[in-house]
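Take a look at the structure below.
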Amino acid sequence: MTPEATVPHHVPKPWLSRRAGRGVRRGTAAAGKIAALLRSLELGTRPVHPESRAALDRRWSELPEHVKTPAQLLGRTAVGCEGTHGVFPKCNLTCTPCYHSADANKVPIDGGHTVRGVKEQLAFLRRLRGPRGHAQLIGGEVSLLPAGDHAAALLAMRAAGREPMSMTHGDFDYQYLLDVALEPTGRARFRKVSFAAHFDSLMRGRRGVPRPLTEAELNPFRERFAAMFTDLKRDHGISSYIAHNMTVTPANIDLVAGVTTAVLDMPFDMLSFQPAAYIGDDRRWGKGFTDVTIDAVWDRIEEGAGQRIPWQGTQFGDVRCNRTAVVLRAGENQAPLLDPADHKDLDARDRLLAHFGGMYFGGTPHWIVAVKVIRALLAHPRDVPVILGLGQRLASRAGGLRRILAAARAGRLAFRTFVVHNFMDAADVAPAWDLMGKGVASEDPKIREVQERLGACMYTMSHPETGQLVPACVQHSVLDPAENAGLRKLLPLTPKVRTEP
(Lines give C-alpha, C1' and ligand atoms only; values in the text may rest on other atoms or scores of the structure.)
Protein backbone atom coordinates (compact mmCIF):
# COMPACT_ATOMS: atom_id res chain seq x y z
CA MET A 1 0.00 0.00 0.00
CA THR A 2 1.44 3.31 -1.05
CA PRO A 3 1.74 6.18 1.44
CA GLU A 4 -0.79 8.16 -0.57
CA ALA A 5 -3.31 5.37 -0.18
CA THR A 6 -3.09 5.54 3.63
CA VAL A 7 -4.04 9.27 3.72
CA PRO A 8 -7.82 9.73 3.72
CA HIS A 9 -9.06 12.12 1.02
CA HIS A 10 -11.35 15.07 2.08
CA VAL A 11 -14.45 15.12 -0.05
CA PRO A 12 -16.32 18.48 0.20
CA LYS A 13 -20.02 18.20 0.90
CA PRO A 14 -22.18 20.16 -1.60
CA TRP A 15 -24.59 21.49 1.07
CA LEU A 16 -21.67 22.87 3.11
CA SER A 17 -20.29 24.67 0.06
CA ARG A 18 -23.64 26.25 -0.67
CA ARG A 19 -24.01 27.40 2.96
CA ALA A 20 -20.56 28.99 2.87
CA GLY A 21 -21.46 30.79 -0.36
CA ARG A 22 -24.65 32.12 1.14
CA GLY A 23 -22.73 33.32 4.18
CA VAL A 24 -20.27 35.18 2.00
CA ARG A 25 -23.08 36.78 0.03
CA ARG A 26 -24.90 37.78 3.21
CA GLY A 27 -21.72 39.25 4.60
CA THR A 28 -21.15 41.20 1.40
CA ALA A 29 -24.75 42.44 1.38
CA ALA A 30 -24.50 43.46 5.05
CA ALA A 31 -21.24 45.27 4.38
CA GLY A 32 -22.88 47.03 1.43
CA LYS A 33 -25.82 48.13 3.60
CA ILE A 34 -23.48 49.44 6.27
CA ALA A 35 -21.46 51.33 3.68
CA ALA A 36 -24.65 52.81 2.18
CA LEU A 37 -25.84 53.79 5.66
CA LEU A 38 -22.54 55.50 6.41
CA ARG A 39 -22.64 57.35 3.08
CA SER A 40 -26.20 58.46 3.82
CA LEU A 41 -25.20 59.56 7.33
CA GLU A 42 -22.24 61.52 6.00
CA LEU A 43 -24.39 63.25 3.41
CA GLY A 44 -27.23 63.91 5.85
CA THR A 45 -24.92 65.56 8.38
CA ARG A 46 -22.88 67.48 5.82
CA PRO A 47 -23.25 71.21 6.66
CA VAL A 48 -24.52 72.00 3.15
CA HIS A 49 -26.06 69.32 0.95
CA PRO A 50 -24.42 69.20 -2.52
CA GLU A 51 -27.82 69.65 -4.22
CA SER A 52 -28.49 72.67 -2.04
CA ARG A 53 -25.11 74.10 -2.94
CA ALA A 54 -25.82 73.61 -6.65
CA ALA A 55 -29.28 75.23 -6.33
CA LEU A 56 -27.82 78.19 -4.44
CA ASP A 57 -25.08 78.70 -7.02
CA ARG A 58 -27.63 78.55 -9.81
CA ARG A 59 -29.84 81.06 -8.00
CA TRP A 60 -26.93 83.46 -7.55
CA SER A 61 -25.96 83.22 -11.20
CA GLU A 62 -29.54 84.09 -12.24
CA LEU A 63 -29.77 87.24 -10.09
CA PRO A 64 -29.51 90.66 -11.75
CA GLU A 65 -26.16 92.29 -11.12
CA HIS A 66 -27.62 95.20 -9.17
CA VAL A 67 -28.68 92.92 -6.29
CA LYS A 68 -25.42 90.97 -5.99
CA THR A 69 -24.37 92.87 -2.89
CA PRO A 70 -22.54 91.65 0.25
CA ALA A 71 -25.91 91.82 2.08
CA GLN A 72 -27.72 89.59 -0.43
CA LEU A 73 -28.96 86.30 1.05
CA LEU A 74 -30.50 84.79 -2.10
CA GLY A 75 -28.05 82.40 -3.67
CA ARG A 76 -25.83 82.46 -0.60
CA THR A 77 -27.89 81.05 2.24
CA ALA A 78 -31.40 80.74 0.74
CA VAL A 79 -33.04 80.14 -2.63
CA GLY A 80 -36.11 82.12 -1.52
CA CYS A 81 -39.66 81.36 -0.44
CA GLU A 82 -42.03 79.14 -2.39
CA GLY A 83 -45.80 79.08 -2.63
CA THR A 84 -48.61 76.94 -4.02
CA HIS A 85 -51.25 78.21 -6.45
CA GLY A 86 -54.54 77.00 -7.88
CA VAL A 87 -54.98 74.33 -5.22
CA PHE A 88 -57.76 75.96 -3.12
CA PRO A 89 -58.70 79.43 -4.41
CA LYS A 90 -61.94 79.81 -2.42
CA CYS A 91 -62.17 82.19 0.58
CA ASN A 92 -65.02 83.05 2.96
CA LEU A 93 -63.89 86.61 3.82
CA THR A 94 -63.78 89.67 1.59
CA CYS A 95 -60.76 91.96 1.65
CA THR A 96 -59.86 95.32 0.10
CA PRO A 97 -57.68 94.65 -1.79
CA CYS A 98 -57.80 90.94 -2.65
CA TYR A 99 -54.91 89.51 -4.68
CA HIS A 100 -56.90 86.60 -6.06
CA SER A 101 -58.81 86.84 -9.32
CA ALA A 102 -62.46 87.85 -9.39
CA ASP A 103 -63.74 84.31 -10.02
CA ALA A 104 -61.71 82.54 -7.30
CA ASN A 105 -64.85 81.83 -5.25
CA LYS A 106 -66.46 80.12 -8.21
CA VAL A 107 -64.20 77.13 -7.63
CA PRO A 108 -65.15 74.71 -4.83
CA ILE A 109 -62.83 73.25 -2.23
CA ASP A 110 -61.68 69.80 -3.31
CA GLY A 111 -59.17 68.14 -0.97
CA GLY A 112 -58.06 65.56 -3.52
CA HIS A 113 -57.27 68.28 -6.06
CA THR A 114 -55.36 70.23 -3.40
CA VAL A 115 -53.13 67.33 -2.39
CA ARG A 116 -52.45 66.30 -5.99
CA GLY A 117 -51.56 69.87 -6.95
CA VAL A 118 -49.29 70.31 -3.94
CA LYS A 119 -47.42 67.09 -4.71
CA GLU A 120 -46.88 68.04 -8.35
CA GLN A 121 -45.78 71.61 -7.64
CA LEU A 122 -43.51 70.68 -4.74
CA ALA A 123 -41.89 67.80 -6.62
CA PHE A 124 -40.92 70.29 -9.33
CA LEU A 125 -39.56 72.71 -6.74
CA ARG A 126 -37.60 69.87 -5.16
CA ARG A 127 -35.91 69.13 -8.49
CA LEU A 128 -35.02 72.74 -9.30
CA ARG A 129 -34.54 74.33 -5.88
CA GLY A 130 -32.76 71.58 -3.97
CA PRO A 131 -33.68 69.25 -1.10
CA ARG A 132 -34.60 71.86 1.52
CA GLY A 133 -36.63 75.06 1.59
CA HIS A 134 -39.55 77.03 2.99
CA ALA A 135 -42.91 76.83 1.21
CA GLN A 136 -46.30 78.39 1.85
CA LEU A 137 -49.52 76.43 1.54
CA ILE A 138 -51.42 79.35 0.07
CA GLY A 139 -54.40 79.98 -2.18
CA GLY A 140 -57.73 81.13 -0.84
CA GLU A 141 -58.42 80.22 2.79
CA VAL A 142 -56.55 77.13 3.93
CA SER A 143 -58.87 76.40 6.88
CA LEU A 144 -61.72 75.72 4.42
CA LEU A 145 -59.88 72.51 3.56
CA PRO A 146 -61.04 69.48 5.52
CA ALA A 147 -58.48 69.04 8.31
CA GLY A 148 -57.33 65.67 6.97
CA ASP A 149 -56.63 67.11 3.52
CA HIS A 150 -54.88 70.10 5.07
CA ALA A 151 -52.63 67.73 7.01
CA ALA A 152 -52.02 65.56 3.94
CA ALA A 153 -50.90 68.63 1.98
CA LEU A 154 -48.47 69.60 4.75
CA LEU A 155 -47.09 66.06 4.86
CA ALA A 156 -46.60 66.13 1.08
CA MET A 157 -44.67 69.38 1.41
CA ARG A 158 -42.48 67.89 4.12
CA ALA A 159 -41.87 64.83 1.95
CA ALA A 160 -40.48 67.22 -0.67
CA GLY A 161 -38.05 68.59 1.92
CA ARG A 162 -40.02 71.76 2.61
CA GLU A 163 -40.85 73.46 5.89
CA PRO A 164 -44.50 74.36 5.19
CA MET A 165 -46.42 77.39 6.43
CA SER A 166 -50.22 77.48 6.22
CA MET A 167 -51.57 80.90 5.16
CA THR A 168 -54.88 81.78 6.80
CA HIS A 169 -57.17 84.57 7.97
CA GLY A 170 -57.06 82.88 11.37
CA ASP A 171 -60.82 82.62 11.80
CA PHE A 172 -60.97 78.98 12.86
CA ASP A 173 -61.34 77.15 16.16
CA TYR A 174 -58.85 75.26 18.30
CA GLN A 175 -60.52 71.95 17.40
CA TYR A 176 -59.69 72.50 13.72
CA LEU A 177 -56.04 73.08 14.64
CA LEU A 178 -56.07 69.89 16.69
CA ASP A 179 -57.60 67.95 13.79
CA VAL A 180 -54.77 69.14 11.53
CA ALA A 181 -51.95 68.62 14.03
CA LEU A 182 -53.07 65.29 15.51
CA GLU A 183 -53.84 61.85 14.16
CA PRO A 184 -57.39 60.54 14.86
CA THR A 185 -55.78 58.49 17.67
CA GLY A 186 -54.56 61.71 19.33
CA ARG A 187 -50.94 61.12 18.38
CA ALA A 188 -49.05 64.16 17.04
CA ARG A 189 -48.69 64.27 13.25
CA PHE A 190 -45.99 66.95 13.42
CA ARG A 191 -43.28 68.03 15.83
CA LYS A 192 -43.81 71.61 14.69
CA VAL A 193 -46.39 73.55 12.68
CA SER A 194 -46.16 76.97 11.03
CA PHE A 195 -49.10 79.29 10.35
CA ALA A 196 -49.34 82.87 9.08
CA ALA A 197 -52.56 84.69 9.99
CA HIS A 198 -53.78 87.81 8.19
CA PHE A 199 -55.51 90.38 10.38
CA ASP A 200 -56.44 93.90 9.32
CA SER A 201 -59.43 96.23 9.32
CA LEU A 202 -59.77 95.93 5.52
CA MET A 203 -61.20 92.41 5.92
CA ARG A 204 -64.93 91.75 6.12
CA GLY A 205 -66.82 88.73 7.46
CA ARG A 206 -64.73 87.63 10.45
CA ARG A 207 -66.83 85.99 13.14
CA GLY A 208 -67.36 88.34 16.05
CA VAL A 209 -66.19 91.45 14.20
CA PRO A 210 -67.59 91.31 10.63
CA ARG A 211 -66.87 94.99 9.83
CA PRO A 212 -64.04 96.32 12.01
CA LEU A 213 -63.57 100.08 11.96
CA THR A 214 -60.19 100.12 13.71
CA GLU A 215 -57.22 97.80 14.03
CA ALA A 216 -57.56 97.78 17.82
CA GLU A 217 -60.88 95.95 17.51
CA LEU A 218 -58.98 92.99 16.10
CA ASN A 219 -56.51 92.66 18.97
CA PRO A 220 -58.63 90.15 20.96
CA PHE A 221 -58.85 88.00 17.82
CA ARG A 222 -55.09 88.25 17.28
CA GLU A 223 -54.53 87.19 20.88
CA ARG A 224 -56.99 84.31 20.54
CA PHE A 225 -55.25 83.01 17.43
CA ALA A 226 -51.79 83.12 19.04
CA ALA A 227 -53.12 81.50 22.23
CA MET A 228 -54.23 78.41 20.28
CA PHE A 229 -50.59 77.61 19.50
CA THR A 230 -49.52 78.20 23.09
CA ASP A 231 -52.22 75.71 24.08
CA LEU A 232 -51.08 73.27 21.38
CA LYS A 233 -47.59 73.24 22.87
CA ARG A 234 -48.91 72.88 26.42
CA ASP A 235 -51.47 70.19 25.61
CA HIS A 236 -49.63 68.11 23.02
CA GLY A 237 -45.97 69.18 22.95
CA ILE A 238 -46.19 70.48 19.36
CA SER A 239 -44.14 73.62 18.86
CA SER A 240 -44.99 76.32 16.34
CA TYR A 241 -43.85 79.31 14.34
CA ILE A 242 -46.59 81.89 13.77
CA ALA A 243 -46.60 85.05 11.71
CA HIS A 244 -48.91 88.08 11.71
CA ASN A 245 -49.71 89.59 8.30
CA MET A 246 -51.33 92.95 7.60
CA THR A 247 -52.19 94.71 4.33
CA VAL A 248 -51.49 98.45 4.43
CA THR A 249 -53.44 101.11 2.50
CA PRO A 250 -54.00 104.86 3.03
CA ALA A 251 -56.95 103.85 5.21
CA ASN A 252 -54.85 102.11 7.86
CA ILE A 253 -51.21 103.13 7.42
CA ASP A 254 -51.36 105.37 10.48
CA LEU A 255 -52.55 102.37 12.51
CA VAL A 256 -49.46 100.27 11.71
CA ALA A 257 -47.57 101.66 14.71
CA GLY A 258 -50.37 100.66 17.08
CA VAL A 259 -50.59 97.19 15.56
CA THR A 260 -46.82 96.76 15.94
CA THR A 261 -46.93 97.76 19.60
CA ALA A 262 -49.84 95.41 20.33
CA VAL A 263 -48.56 92.38 18.40
CA LEU A 264 -45.08 92.63 19.90
CA ASP A 265 -46.64 91.68 23.23
CA MET A 266 -48.27 88.61 21.69
CA PRO A 267 -46.39 85.36 20.97
CA PHE A 268 -46.05 85.95 17.20
CA ASP A 269 -42.62 85.15 15.75
CA MET A 270 -42.96 87.40 12.70
CA LEU A 271 -44.68 90.71 11.95
CA SER A 272 -45.19 91.08 8.21
CA PHE A 273 -46.74 94.06 6.42
CA GLN A 274 -47.71 94.35 2.75
CA PRO A 275 -48.37 97.74 1.13
CA ALA A 276 -51.38 97.30 -1.14
CA ALA A 277 -50.98 97.01 -4.91
CA TYR A 278 -53.39 97.11 -7.83
CA ILE A 279 -53.31 93.39 -8.39
CA GLY A 280 -55.92 90.62 -8.37
CA ASP A 281 -59.65 91.38 -8.07
CA ASP A 282 -60.18 94.90 -9.46
CA ARG A 283 -63.60 95.10 -7.78
CA ARG A 284 -61.74 95.45 -4.47
CA TRP A 285 -59.40 98.26 -5.44
CA GLY A 286 -59.41 101.59 -3.64
CA LYS A 287 -57.71 104.93 -4.15
CA GLY A 288 -54.17 105.95 -3.35
CA PHE A 289 -52.53 102.53 -2.98
CA THR A 290 -49.35 103.86 -4.60
CA ASP A 291 -49.12 106.56 -1.93
CA VAL A 292 -48.15 103.90 0.62
CA THR A 293 -44.42 103.34 0.19
CA ILE A 294 -42.23 100.63 1.66
CA ASP A 295 -40.22 103.29 3.53
CA ALA A 296 -43.37 104.83 5.03
CA VAL A 297 -44.48 101.44 6.35
CA TRP A 298 -41.06 100.74 7.90
CA ASP A 299 -41.13 104.13 9.60
CA ARG A 300 -44.46 103.20 11.23
CA ILE A 301 -43.03 99.85 12.38
CA GLU A 302 -40.14 101.60 14.09
CA GLU A 303 -42.56 104.04 15.66
CA GLY A 304 -44.57 101.16 17.11
CA ALA A 305 -41.45 99.35 18.30
CA GLY A 306 -40.24 102.53 19.97
CA GLN A 307 -36.79 102.40 18.43
CA ARG A 308 -34.84 102.12 15.22
CA ILE A 309 -34.85 98.67 13.59
CA PRO A 310 -32.19 98.66 10.86
CA TRP A 311 -32.81 96.38 7.89
CA GLN A 312 -29.79 97.32 5.73
CA GLY A 313 -27.51 94.55 7.02
CA THR A 314 -29.25 91.84 5.01
CA GLN A 315 -31.16 91.75 1.75
CA PHE A 316 -33.65 89.31 0.20
CA GLY A 317 -33.90 90.03 -3.51
CA ASP A 318 -34.49 93.69 -4.36
CA VAL A 319 -34.74 96.26 -1.54
CA ARG A 320 -37.62 97.90 -3.43
CA CYS A 321 -39.58 94.70 -2.81
CA ASN A 322 -38.45 93.42 0.58
CA ARG A 323 -37.20 94.69 3.92
CA THR A 324 -36.32 92.25 6.70
CA ALA A 325 -34.80 92.56 10.15
CA VAL A 326 -34.45 90.09 13.02
CA VAL A 327 -34.32 91.39 16.58
CA LEU A 328 -33.79 89.85 19.99
CA ARG A 329 -36.61 91.07 22.20
CA ALA A 330 -35.60 91.16 25.87
CA GLY A 331 -38.51 92.66 27.77
CA GLU A 332 -39.37 95.92 26.03
CA ASN A 333 -36.02 96.22 24.26
CA GLN A 334 -35.49 95.14 20.63
CA ALA A 335 -31.83 94.45 19.83
CA PRO A 336 -31.04 94.04 16.11
CA LEU A 337 -29.37 90.71 15.35
CA LEU A 338 -27.12 92.59 12.94
CA ASP A 339 -26.17 96.26 13.19
CA PRO A 340 -25.25 97.58 9.72
CA ALA A 341 -23.45 100.52 11.32
CA ASP A 342 -21.01 98.18 13.11
CA HIS A 343 -18.19 97.05 10.82
CA LYS A 344 -17.50 94.07 13.11
CA ASP A 345 -21.06 92.86 12.57
CA LEU A 346 -20.69 93.25 8.81
CA ASP A 347 -17.36 91.40 8.83
CA ALA A 348 -19.01 88.59 10.82
CA ARG A 349 -21.91 88.51 8.34
CA ASP A 350 -19.56 88.18 5.37
CA ARG A 351 -17.48 85.48 7.02
CA LEU A 352 -20.46 83.43 8.16
CA LEU A 353 -22.20 83.67 4.79
CA ALA A 354 -19.01 82.53 3.05
CA HIS A 355 -18.44 79.56 5.36
CA PHE A 356 -21.92 78.57 6.55
CA GLY A 357 -24.31 79.90 3.90
CA GLY A 358 -26.71 77.18 2.81
CA MET A 359 -26.97 75.37 6.15
CA TYR A 360 -30.61 74.52 6.78
CA PHE A 361 -32.06 73.36 10.08
CA GLY A 362 -35.85 73.50 9.63
CA GLY A 363 -37.58 70.18 10.26
CA THR A 364 -34.24 68.51 11.04
CA PRO A 365 -33.72 66.28 14.12
CA HIS A 366 -31.71 68.02 16.81
CA TRP A 367 -28.86 65.50 16.77
CA ILE A 368 -28.34 66.01 13.03
CA VAL A 369 -28.31 69.78 13.54
CA ALA A 370 -25.68 69.32 16.26
CA VAL A 371 -23.47 67.19 14.00
CA LYS A 372 -23.83 69.67 11.12
CA VAL A 373 -22.75 72.55 13.36
CA ILE A 374 -19.81 70.59 14.79
CA ARG A 375 -18.61 69.61 11.31
CA ALA A 376 -18.94 73.21 10.09
CA LEU A 377 -17.00 74.58 13.06
CA LEU A 378 -14.30 71.93 12.72
CA ALA A 379 -13.87 73.01 9.10
CA HIS A 380 -13.63 76.69 10.14
CA PRO A 381 -12.37 76.80 13.74
CA ARG A 382 -11.33 80.45 13.45
CA ASP A 383 -14.99 81.38 13.09
CA VAL A 384 -15.72 80.41 16.70
CA PRO A 385 -14.43 83.71 18.17
CA VAL A 386 -16.26 85.58 15.38
CA ILE A 387 -19.56 83.95 16.42
CA LEU A 388 -18.87 84.57 20.09
CA GLY A 389 -18.06 88.21 19.36
CA LEU A 390 -21.32 88.66 17.43
CA GLY A 391 -23.22 87.11 20.32
CA GLN A 392 -21.49 89.38 22.81
CA ARG A 393 -22.40 92.49 20.82
CA LEU A 394 -26.00 91.30 20.48
CA ALA A 395 -26.20 90.77 24.25
CA SER A 396 -24.81 94.24 24.82
CA ARG A 397 -27.42 95.78 22.52
CA ALA A 398 -30.13 93.86 24.39
CA GLY A 399 -29.05 95.43 27.69
CA GLY A 400 -26.52 92.90 28.90
CA LEU A 401 -26.57 89.31 30.04
CA ARG A 402 -28.34 90.10 33.33
CA ARG A 403 -31.27 91.68 31.50
CA ILE A 404 -31.43 88.78 29.04
CA LEU A 405 -31.53 86.22 31.85
CA ALA A 406 -34.24 88.22 33.66
CA ALA A 407 -36.32 88.39 30.46
CA ALA A 408 -35.86 84.65 29.94
CA ARG A 409 -37.05 83.88 33.48
CA ALA A 410 -40.09 86.08 32.92
CA GLY A 411 -40.88 84.38 29.61
CA ARG A 412 -40.20 87.62 27.72
CA LEU A 413 -37.14 86.65 25.69
CA ALA A 414 -37.69 85.84 22.02
CA PHE A 415 -36.55 86.59 18.52
CA ARG A 416 -38.90 88.63 16.35
CA THR A 417 -38.69 89.07 12.58
CA PHE A 418 -40.00 92.23 10.91
CA VAL A 419 -40.85 92.03 7.20
CA VAL A 420 -42.31 94.33 4.56
CA HIS A 421 -43.24 92.83 1.17
CA ASN A 422 -43.99 95.41 -1.50
CA PHE A 423 -46.00 93.91 -4.39
CA MET A 424 -46.29 95.55 -7.82
CA ASP A 425 -49.27 96.65 -9.90
CA ALA A 426 -50.64 94.24 -12.50
CA ALA A 427 -50.63 96.93 -15.20
CA ASP A 428 -46.85 97.13 -14.87
CA VAL A 429 -46.10 93.47 -14.26
CA ALA A 430 -47.88 92.13 -17.37
CA PRO A 431 -45.85 94.05 -20.00
CA ALA A 432 -42.62 93.58 -18.05
CA TRP A 433 -43.11 89.80 -17.90
CA ASP A 434 -44.05 89.62 -21.58
CA LEU A 435 -40.82 91.36 -22.55
CA MET A 436 -38.77 89.18 -20.20
CA GLY A 437 -40.19 86.12 -21.94
CA LYS A 438 -38.84 87.53 -25.20
CA GLY A 439 -35.48 88.35 -23.69
CA VAL A 440 -36.04 92.09 -24.17
CA ALA A 441 -35.03 94.74 -21.63
CA SER A 442 -37.59 97.54 -21.70
CA GLU A 443 -36.49 101.06 -22.57
CA ASP A 444 -39.28 102.45 -20.39
CA PRO A 445 -37.63 103.21 -16.99
CA LYS A 446 -40.72 102.16 -15.04
CA ILE A 447 -41.11 98.83 -16.84
CA ARG A 448 -37.35 98.25 -16.67
CA GLU A 449 -37.53 98.68 -12.88
CA VAL A 450 -40.30 96.07 -12.73
CA GLN A 451 -38.16 93.68 -14.80
CA GLU A 452 -35.25 94.17 -12.40
CA ARG A 453 -37.45 93.46 -9.42
CA LEU A 454 -39.01 90.38 -11.03
CA GLY A 455 -35.56 89.06 -11.87
CA ALA A 456 -34.60 89.28 -8.21
CA CYS A 457 -37.90 88.01 -6.79
CA MET A 458 -37.60 85.94 -3.62
CA TYR A 459 -41.14 84.48 -3.73
CA THR A 460 -41.61 81.81 -6.38
CA MET A 461 -44.45 79.61 -7.61
CA SER A 462 -44.03 76.38 -9.51
CA HIS A 463 -45.50 75.43 -12.91
CA PRO A 464 -44.37 71.87 -13.70
CA GLU A 465 -46.68 71.79 -16.75
CA THR A 466 -44.63 74.55 -18.43
CA GLY A 467 -41.30 74.00 -16.68
CA GLN A 468 -41.38 77.52 -15.20
CA LEU A 469 -40.81 79.09 -11.83
CA VAL A 470 -42.66 82.41 -11.71
CA PRO A 471 -42.69 85.33 -9.26
CA ALA A 472 -45.83 85.72 -7.14
CA CYS A 473 -46.60 89.10 -8.74
CA VAL A 474 -46.67 87.39 -12.13
CA GLN A 475 -48.88 84.61 -10.80
CA HIS A 476 -51.49 87.05 -9.52
CA SER A 477 -51.20 89.60 -12.34
CA VAL A 478 -50.87 87.38 -15.40
CA LEU A 479 -51.61 83.73 -14.71
CA ASP A 480 -54.39 83.57 -12.10
CA PRO A 481 -57.32 84.61 -14.33
CA ALA A 482 -56.74 81.88 -16.92
CA GLU A 483 -55.86 79.35 -14.24
CA ASN A 484 -59.09 79.96 -12.35
CA ALA A 485 -61.10 79.81 -15.56
CA GLY A 486 -59.62 76.36 -16.12
CA LEU A 487 -60.39 75.35 -12.55
CA ARG A 488 -64.03 76.33 -13.01
CA LYS A 489 -64.27 73.72 -15.75
CA LEU A 490 -62.22 71.13 -13.86
CA LEU A 491 -64.06 71.66 -10.56
CA PRO A 492 -67.47 73.18 -11.32
CA LEU A 493 -69.53 74.40 -8.38
CA THR A 494 -72.53 72.53 -9.77
CA PRO A 495 -71.35 69.34 -11.48
CA LYS A 496 -73.30 68.52 -14.61
CA VAL A 497 -75.52 65.49 -14.14
CA ARG A 498 -75.99 63.35 -17.19
CA THR A 499 -79.59 62.26 -17.64
CA GLU A 500 -80.87 59.37 -19.67
CA PRO A 501 -82.55 60.37 -22.96
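Kindly check whether there is at least one residue in region 315-325 that is in contact with a Leu (Cβ under 8 Å, 6 or more places away or on another chain), in a loop (DSSP other than H, G, I, E, B), under 27 Å from G399 (Cβ atoms) and not aromatic (F, W, Y).
no
For region 169-217, how many residues are hydrophobic (A, V, I, L, M, F, W, C) and in a loop (DSSP other than H, G, I, E, B)?
Residues in region 169-217 being hydrophobic (A, V, I, L, M, F, W, C) and in a loop (DSSP other than H, G, I, E, B): 6 in total.
Could you check region 77-93 and list, in sequence order, the residues that are open to solvent by 30 Å² or more (accessible area, probe 1.4 Å), closer than 30 Å to G357 by Cβ and either in contact with a helix residue (DSSP H, G or I) (Cβ under 8 Å, 6 or more places away or on another chain) or among the β-branched types (V, I, T) (or both)?
Correct list: T77 only.
List pairs: first residue in region 259-281 and touching a residue at least 12 places away in the same chain (Cβ under 8 Å) and farther than 14 Å from V327 by Cα, second residue open to solvent by less than 10 Å² (accessible area, probe 1.4 Å) and polar (S, T, N, Q) anywhere in the structure, Cβ distance under 9 angstrom, at least six positions apart or on different chains.
V259/N252; F273/T260; P275/T249; A276/T249
Here's the yes/no breakdown for (1) modelled with pLDDT of 95 or more; (2) touching a Ser or Thr at 6+ places or on another chain (Cβ under 6 Å); (3) closer than 19 Å to N484 by Cβ; (4) open to solvent by less than 10 Å² (accessible area, probe 1.4 Å):
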{"site": "H66", "(1), (2), (3), (4)": "yes, no, no, no"}
{"site": "C95", "(1), (2), (3), (4)": "no, no, yes, no"}
{"site": "S101", "(1), (2), (3), (4)": "no, no, yes, no"}
{"site": "E120", "(1), (2), (3), (4)": "yes, no, yes, no"}
{"site": "F124", "(1), (2), (3), (4)": "yes, yes, no, no"}
{"site": "Q136", "(1), (2), (3), (4)": "yes, no, yes, no"}
{"site": "G140", "(1), (2), (3), (4)": "no, no, yes, no"}
{"site": "L144", "(1), (2), (3), (4)": "yes, no, yes, no"}
{"site": "M165", "(1), (2), (3), (4)": "yes, yes, no, no"}
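Under the condition of being surrounded by fewer than 16 Cβ atoms within 10 Å (Cβ to Cβ) and touching a residue at least 60 places away in the same chain (Cβ under 8 Å), which residue from region 330-353 is farthest from E163 (Cα to Cα)?
G331
Please specify each residue of region 388-447 satisfying the condition of being without any contact (Cβ under 8 Å) to a residue 24 or more places away in the chain, assigned to a helix (DSSP H, G or I), farther than 27 Å from P97 by Cα and among the basic types (K, R).
Result: R402, R409.
So how many residues does region 377-396 have that are open to solvent by less than 60 Å² (accessible area, probe 1.4 Å) and out of contact with any helix residue (DSSP H, G or I) (no Cβ under 7 Å at 6 or more places or on another chain)?
Looking only at that region, the number is 2.
From V292, V327, V373, which residue is within 17 Å of N422 (Cβ to Cβ) and surrounded by 15 or more Cβ atoms within 10 Å (Cβ to Cβ)?
Result of the check over V292, V327, V373: V292.
The values are calculated or read from the model by the stated rules, or taken from the named source; none is laboratory data. If you're wondering where the values come from, they're calculated on a predicted model, not measured in any experiment. Please note: Cβ atoms are built from the backbone with ideal geometry, for glycine as well, and neighbour counts cover all protein chains shown. Ligands, DNA and RNA are excluded from the accessible area calculation, which covers all protein heavy atoms including side chains. Shrake-Rupley method; radii C 1.70, N 1.55, O 1.52, S 1.80 Å.
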